[in-house]
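Undergrad: Provided herewith is a single structure, encoded as structure tokens, for subsequent inquiry.
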Amino acid sequence: MTVTPDATLEQLVLADPGLAAVFDRLGLDFCCHGDRTVAQACATAGVPVAEAIAAVEAAAGTADAADAGDW
């Protein structure tokens, strides 16, 4: 999965529910503020965009995604 700074958190979690755990670890609110872009969420949380994108891309489609539950 390729992630861009203008992708919304909601789009990413809908595509791969396992990413919810990644966003939780990074302190990015994908639930109430899922309409924010990765860049906006990172700015609010003080997380470098490149770090968040790398974490999402590394976790996308991994076993962690399967452990996220049945959405």
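Undergrad: Sorted by average packing, counted as other Cβ atoms within 10 angstrom per residue and highest first, what order do 47-54, 36-43, 10-17 take?
TA: Taking the mean over residues of other Cβ atoms within 10 Å, the ranking is 36-43, 10-17, 47-54.
Undergrad: Something else about it: With a 1.4 Å probe and every protein chain left in place, work out the accessible area per residue of the chain in Å², rounded to a whole number.
TA: For the chain, the per-residue accessible area is 57 Å².
Undergrad: Continuing with this model, one more query. Give the label of the value calculated from the structure for semi-axes √(5λ) of the Cα gyration tensor in Å, choosing from (i) 24, 12, 9; (ii) 18, 12, 10; (iii) 44, 17, 6.
TA: After the calculation, the listed value that fits is (ii).
Undergrad: Report, to the nearest 10°, how far helix 49-59 tilts away from the longest principal axis of the Cα atoms in the chain, using its own Cα long axis and a range of 0 to 90°.
TA: For helix 49-59, the angle is close to 0 degrees.
Undergrad: Okay, moving on. Rounded to the nearest 0.05, what FRET efficiency do A54 and D29 give with R0 = 25 Å and r taken as the Cβ-Cβ distance? Could you check?
TA: It comes out at approximately 0.80.
The values are calculated or read from the model by the stated rules, or taken from the named source; none is laboratory data. Keep in mind that this is a model prediction, so the values were computed, not measured. No Cβ is skipped: glycine too gets one built from the backbone with ideal geometry, and neighbour counts run over all protein chains shown. The protein model used for the area step is the full one, side chains on, heavy atoms only, and it has no ligands, DNA or RNA in it. Shrake-Rupley method; radii C 1.70, N 1.55, O 1.52, S 1.80 Å.
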